[in-house]
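*Asks:* Let me give you the structure first, and then I'll get to my questions.
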Amino acid sequence: MSRQAVGAPLSRVDGRLKVTGRAMYAADHPTDGVVHAAVVGSTVARGRITGIDARAALALSGVLKVISHRNAPRLAYRPNPSSNNPEGGERLHVFQDDKVLFHGQPVAVVVATTPEAAQHGASLVEVRYDAEKPSTDLTGTPAHAPVTYARGDADQAMRSAAVRLEMTYRTTRNHHNALEPHATIARWDGDRLTVWDKTQWVVGTQKELAAVFGIEPDAVRVISPCVGGAFGSGLRAWPHVTIAALAARELARPVKLVLTRKQLYSGTGYRPAYEYHLRLGSDRRGRLIAMVHDIKAETSSYEDFEEGVLAAGQMLYSMPHVRQAYRTVPLDVNTPLYMRGPGHATAAFAIESALDELAHELDIDPIELRRRNEPSEDESDGTPFSTRRLRECYTLGAREFGWDRRAPEPRSTRDGDWLIGMGMAAGVHTTRRNPAQARVLLDARGSALVEAATSDMGPGTCTAMTQVAADALGLTVRAVDFRLGDSTMPPTPAHGGSQTMASVGSAVQDGCDQLRRQAIELAVADERSPLHGADAGDVAVTDGRLHVKDDPARGETYQQLLARNNRTRLETLGSFTPEEPRFSMYAYGATFAEVAVDHRLGLVRVRRMLGVYDVGRIISPKLADSQALGGMVGGIGTALLEHTVTDHRDGRIVNANLADYLVPVNADVPDLRAIYLDGEDREASPIGVKGLGEVVHIGVAPAIANAVFHATGRRIRRLPITAEALL
Amino acid sequence: MHPFSYVKVSDIAGALAAGRRGGRYIAGGTMLVDLMRETVERPSTLVDISALPLRDVTVTARGGLRIGALVRMAEAAAHPKVRATYPVISQALELGASPQLRNMATIGGNIMQRTRCAYFRDVTAACNKRDPGSGCAALGGFNRTHAILGASDQCVATHPSDVAVAFAALEAIVRLVGPDGRRGVAFADFLLPPGSTPEREQAVRPGELITAVEIPALPRPLRSGYLKVSDRRSYEFALTSAAVALHVRGGVIREAKVAAGGVGTVPWKLPAVERRLIGERPSEALWAEAARLAAEGARPLAHNKFKIELLKRAVERQLRIVGGTA
Ligand SMILES: Cc1cc2nc3c(=O)[nH]c(=O)nc-3n(C[C@H](O)[C@H](O)[C@H](O)COP(=O)(O)OP(=O)(O)OC[C@H]3O[C@@H](n4cnc5c(N)ncnc54)[C@H](O)[C@@H]3O)c2cc1C
Ligand code: SF4
């Protein structure tokens, strides 16, 4: 018997390609006759463009054209409710008028024969503005009407609760800051547009480009085989994608546009800053009675971006009374977008910090408090849980982390100048699934090609899909080639929201199951096959050989079967369509952190972390670990370092580079460990997967903040936690 | 980036000739190229000095140490003489930048590095240092990392170097050669507080080349070390740092050299702290008392008030680490 591929700690199938530098990222595609574009960003955050002087740029040798609203053609910008465009408002129309809506907004593009000339040219374009005072501060700016939720009468219940807490938590804007910058190469062949782009959703980008240019989606092809990290930033087609295509059409030549690191801070989205006001009431034994969530988050003046910040407050803990109001605040900034664990991560910081505050107030162990409030159904709407094993996460996590060594009293453990603390937090993330398809081809050599228009921004999609396909087809991993990242491939949902494995993986499973069955049917009906007459249900495929389960000697290979039948290939189209959910489906996790705080210098160092996850079936444990550890590292960043700083005087982002926007470096990353509860969730997806890419990030920041409290006795309700808060 | 021409010189005379014609020296390029990319620096000619014979660490006649201007940060840090005699220099170097940068960056380039003030690096912001007379965006802007000491109403930027703090503490001498010959400049006079000319950062004359940094001999035994406090554990400039060197004989502090980084517009020598220490016996109480003098004259900005307390605590901590509590 060959080993199962699913569940094996396989190394990435494309690992060698990547570490040897041969993987092709968006800007790497060789394109004949390509010219280069550099964007000119606005230097005011609100106002009108009164003049553009491009003469100096145009005088440079190599500069071909400068395009701005003055000379750009009008674009169709048809409505497109797909492609992750927010429901409210209207997307930025590049170069269509003189309005400036945020600092760094593209106001012109310089196209030249070399990237150097384009960039030099861009620095010489002089733009004059009639500037107005922008409003970029979440605090004190009027909000949109709220999205609300209520059950029971939370305000009334709060008044009679024996224990009442009221807190405001604040989080800062975070940028995705993936290593690969966003880049686009656009080429027109007549009316057909081909785009090589950094995107997490070739189909989404295809639809958006079709809508912007007023052409049919079929006339647009988007190619994106490799993505050098994204964390969500590739979930929309940003203005620069349009600019590249527009410039290519204007110049009648392929155009390459690579955003600079600095431009990524205004040219793509970000995790919005929040003010999360939370009131909580419980009885003296820690049974929650009510929570009131008043949530404010930034959005742009032109689009109303909302994300899943409400779910956790409705279903993570049992309580009769909940009221929520979620208000977005329109500011003179560019539009935010999903960033790893969107909404959930922010909600977890508030709710899980608050639970820790309550535990301290009542002198109850934080884990015990959570156990006391564990619901038996999803109280937001009364549906049963498909699987919810948070209790097991707590038990296992507490044991493996050594939670019993934690002295309950804050500020009670010391190691020289360091105060030591342990904290924990729960995390929850919606299990999302959407329709997906995958094409499966088995060739005469007995090798399979599996294709779907999904992406691999880092989780190892190619590897995990290969594992699923190999097992379903009865092939070795090496006999399977999985390809993705081309809008001509079978459509899939966005590669985000932790839905790829569940959705695309299930389509791959379906396509491969169909193909295996097709081969078996062919064999058992074929008089010349050793399998002729066998019951199809008794036939299995192992290492590319079809055989009777109880009589392995009786069989033949795919190759033999196809050759004899003069078939060059077998082909199927797998699909997955989620059923109307009858269950409440979420991925869960419990994160534990131990920190050391230099009590005099205010420095926080994470010493070790453990995450225990209830995420359904683990297809690929090695990839799961890289997700989980990466999620924890990202959480360290959110908790202690990451902060996009806006200068509210003029709306400029002050630290738009990786020297000043701090992300964790190796020295900040301690001993990390992840454990996955053994099991699967067949309600969530046919392959038993719930999705894990985001839940691993959610709960990390509050676990660290709670550990800081335990170490120091200081409750910090603002992220990131920096020295000034602890001095 | 703006176009430029590039020449590589092989001897000092060639360098000075090119410098006299207005060429800009480039050593490791780790700072200059960055700033050229942002168009903060727009030299028309780069003079590559990396092949000049300024790569030695030698012991001077009087027993001090001479570090050639082109010695890489990594080499200087690892040099046995530096490690043995001035651990504060090795530590300051190794706590700075990243291994890749330290393998490229030179000692001369390090003390010539320009501020990390974000507005200085953003050519669309007002900045007197980059564009004299345009104003100072940091004064009323985001100034958490800026100076609490030595600022003027023209500029509040810190000098970012770590090793320069050690050099300031040890009273190093910068050796230069220029069209008018050779000279030495005391470190205290080498880096210039902004005053009314923030664009002038070093006492280097046009075309002058740094040849070495010289550390004067200090009485032995000398204990020294560098403490760096930053948000991130590595690869990050100092919020506050402290360089301390102490010579203790017969249980009494005979010599004390103390400077702080991350808080001043230049590495901030702390003579009041030094005076308080000399002649005393090491004790926890002494460290605390001396450190209280560290922030004398500090004037915080909107976002960096915490640095006053942090500075005192960092100095106290480093006095204790270096001086112990006999
Ligand atoms: C991301 C990053 C992080 C960093 N972190 C730190 C840190 O934590 N601590 C720290 O101390 N530093 C840090 N640095 C700064 C680094 O130390 C300097 O960039 C480096 O020392 C400059 O040396 P260089 O040889 O590369 O100089 P170059 O970039 O070649 O030159 C810098 C300047 O010095 C001039 N110059 C160079 N050599 C001479 C000479 N012999 N005579 C006259 N003029 C000369 C050049 O004309 C130029 O103006 C960091 C830099 C980066 C990019
Ligand atoms: S502090 Fe100095 S460097 Fe920074 S903006 Fe002001 S003048 Fe420029």
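The values are calculated or read from the model by the stated rules, or taken from the named source; none is laboratory data. Since this is a predicted model, take the numbers as computed values, not measurements. Backbone-built Cβ (ideal geometry, glycine too); neighbour counts: all protein chains shown. Ligands, DNA and RNA are excluded from the accessible area calculation, which covers all protein heavy atoms including side chains. Shrake-Rupley method; radii C 1.70, N 1.55, O 1.52, S 1.80 Å.
*Asks:* As a test, work out the antiparallel percent of DSSP beta bridges whose residues both lie in the protein assembly as shown, rounded to the nearest 5. Write down the numbers at each step before the final one.
*Replies:* Working: 145 of 183 bridges.
Beta bridges within the protein assembly as shown, antiparallel portion: roughly 80 percent.
*Asks:* Run down the lysines and flag those whose C-alpha is under 30 Å from the C-alpha of B:Lys8, throwing out any fewer than 8 positions away in its chain.
*Replies:* B:Lys129
*Asks:* Still on this structure: Need the full-extension length gain, A:Val147 to A:Arg682, defined as separation in residues times 0.36 nm minus the C-alpha distance. One decimal, nm. Could the numbers behind the result be given before it?
*Replies:* On the way: separation 535, 0.36 × 535 = 192.60 nm, distance 3.22 nm.
Contour length minus the Cα-Cα distance gives 189.4 nm.
*Asks:* Run the simple label-point estimate for B:Arg205 and B:Ile278 please: 7 Å along Cα→C-beta, distance reported in nm.
*Replies:* Using points 7 Å along Cα→Cβ, the separation is 3.2 nm.
*Asks:* Per the Kirkwood formula on distinct C-alpha pairs, the Rh of region A:83-169 is how many angstrom?
*Replies:* Values: mean 1/r = 0.0524 Å⁻¹.
For region A:83-169, inverting the mean 1/r across all distinct Cα pairs yields 19.1 Å.
*Asks:* Roughly how crowded by other chains is peptide A:654-660, in terms of the mean Cβ count from those chains within 10 Å of each of its Cβ atoms? Don't skip to the answer; put the middle values down first.
*Replies:* Details: counts 12, 5, 3, 5, 1, 7, 7.
That works out to 6 on average.
*Asks:* Please state the shape class of region B:1-142: rounded when a/c is under 1.5, otherwise prolate if a/b exceeds b/c and oblate if not, all from the C-alpha gyration tensor. Walk me through the intermediate numbers first.
*Replies:* On the way: a/c = 2.36, a/b = 1.38, b/c = 1.71.
The shape class here is oblate.
*Asks:* Give me the accessible area buried between chains B and A, both sides summed, with a 1.4 Å probe, in Å² rounded to the nearest 100. Don't jump to the answer; show the numbers that get you there.
*Replies:* Working: alone 14320 and 27840 Å², together 39200 Å².
Counting protein atoms only, the buried area is about 3000 Å².
*Asks:* Which lysines, if any, have their Cα less than 21 Å from the Cα of B:Lys81, not counting same-chain residues under 8 positions apart?
*Replies:* By straight Cα distance, B:Lys81 reaches B:Lys257.
*Asks:* If you stretched the chain out fully between A:Ala444 and A:Ala563, how much longer would it get, using 0.36 nm times the residue separation minus the C-alpha to C-alpha distance?
*Replies:* Working: separation 119, 0.36 × 119 = 42.84 nm, distance 0.66 nm.
Taking 0.36 nm per residue and subtracting the Cα distance, the gain is 42.2 nm.
*Asks:* Expressed as a whole percent, how much of the Cα-Cα distance distribution for region B:5-48 exceeds 15 Å?
*Replies:* Values: 358 of 946 pairs.
More than 15 Å apart: 38 percent of the Cα pairs in region B:5-48.
*Asks:* Which residues of region A:623-644 bury at least 20 Å² of accessible area once all protein chains are present, versus their chain alone (1.4 Å probe)?
*Replies:* Buried by the other chains: A:Leu641.
*Asks:* Hey, what's the Kirkwood Rh for region B:167-326 if you take every pair of different alpha carbons, in angstrom?
*Replies:* Details: mean 1/r = 0.0594 Å⁻¹.
It works out to 16.8 Å.
*Asks:* Given a 1.4 angstrom probe, I'd like the percentage of the accessible area of chain A that is carbon and sulfur, rounded to a whole number.
*Replies:* The value for chain A is 48 percent carbon and sulfur by accessible area.
*Asks:* Continuing with the same structure: Okay, helix-only estimate at 222 nm for the protein assembly as shown: each DSSP H run of n ≥ 4 adds -39500 (n - 2.57), divide by all residues, round to 500 deg cm²/dmol; what do you get?
*Replies:* For the protein assembly as shown, the value works out to -7500 deg cm²/dmol.
*Asks:* Between A:Ser82 and A:Glu216, what is the spin-label point distance in nm, taking each point 7 Å from the Cα along the Cα→C-beta axis?
*Replies:* Distance between label points: 1.4 nm.
*Asks:* What percent of all Cα-Cα pairs in chain A falls in each 10 Å bin, counting up from 0?
*Replies:* With a bin width of 10 Å, the distribution comes to 3, 14, 23, 24, 19, 12, 5, 1, 0.
*Asks:* Also, I was wondering about something else. Of A:Lys18/A:Lys207; A:Lys65/A:Lys262; A:Lys65/A:Lys256; A:Lys18/A:Lys256; A:Lys65/A:Lys99; A:Lys207/A:Lys690, which ones are farther than 20 Å apart at the Cα? Mind showing how you got there, number by number?
*Replies:* Values: A:Lys18/A:Lys207 29 Å; A:Lys65/A:Lys262 23 Å; A:Lys65/A:Lys256 14 Å; A:Lys18/A:Lys256 22 Å; A:Lys65/A:Lys99 22 Å; A:Lys207/A:Lys690 28 Å.
The answer is A:Lys18/A:Lys207; A:Lys65/A:Lys262; A:Lys18/A:Lys256; A:Lys65/A:Lys99; A:Lys207/A:Lys690.
*Asks:* For chain A, what does the accessible surface come to per residue with a 1.4 Å probe? Please give it in Å².
*Replies:* Details: 26320 Å² over 727 residues.
Spelled out: the 1.4 Å probe surface of chain A, per residue, equals 36 Å².
*Asks:* Let me ask something additional. R0 = 35 Å: FRET efficiency of A:Leu165 with A:Ala23, Cβ-based, nearest 0.05? Mind showing how you got there, number by number?
*Replies:* Values: r = 50 Å, r/R0 = 1.43.
According to the calculation, E is roughly 0.10.
*Asks:* Quick one: length gained pulling B:Asp189 to B:Asp131 fully straight, 0.36 nm per residue minus the C-alpha distance?
*Replies:* Working: separation 58, 0.36 × 58 = 20.88 nm, distance 2.34 nm.
Contour length minus the Cα-Cα distance gives 18.5 nm.
*Asks:* Going by a 1.4 Å probe on protein heavy atoms, which residues of region B:1-30 end up with at least 30 Å² less accessible surface in the whole assembly than in their chain alone?
*Replies:* The answer is B:Met1, B:His2 - residues whose exposure falls by at least 30 Å² when every protein chain is included.
*Asks:* Give me the net charge for the shell around B:Gly324: Cβ to Cβ below 15 angstrom, other residues only, Lys and Arg +1, Asp and Glu -1.
*Replies:* Details: positive: B:Arg223, B:Arg249, B:Arg281, B:Arg317, B:Arg320; negative: A:Asp417, B:Glu280, B:Glu284, B:Glu316.
Net local charge, B:Gly324 excluded: +1.
*Asks:* Could you give the nm distance between label points at A:Gln518 and A:Ser412, where each point is 7 Å from its Cα heading toward the beta carbon?
*Replies:* A separation of 6.6 nm, rounded to one decimal place.
*Asks:* I need the peptides A:276-286, B:141-151 ranked by packing, meaning the mean over residues of other C-beta atoms within 10 angstrom, with the highest value on top.
*Replies:* B:141-151, A:276-286
*Asks:* State the percentage of accessible surface on region B:223-323 attributable to carbon and sulfur atoms; use a 1.4 Å probe and exclude ligands, DNA and RNA.
*Replies:* On the way: 1800 of 3760 Å².
Answer for region B:223-323 is 48 percent, counting heavy atoms of protein chains only.
*Asks:* Using a 1.4 Å probe and ignoring any ligands, DNA or RNA, find the accessible area of A:Tyr317 and quote it in Å² to the nearest 10.
*Replies:* 0 Å²
*Asks:* Could I ask something else about it? What fraction of the Cα pairs in chain B, stated in percent, has a spacing above 39 angstrom? Before the final figure, lay out each step's value.
*Replies:* Details: 5555 of 52975 pairs.
In whole percent, the share of Cα-Cα pairs in chain B beyond 39 Å is 10.
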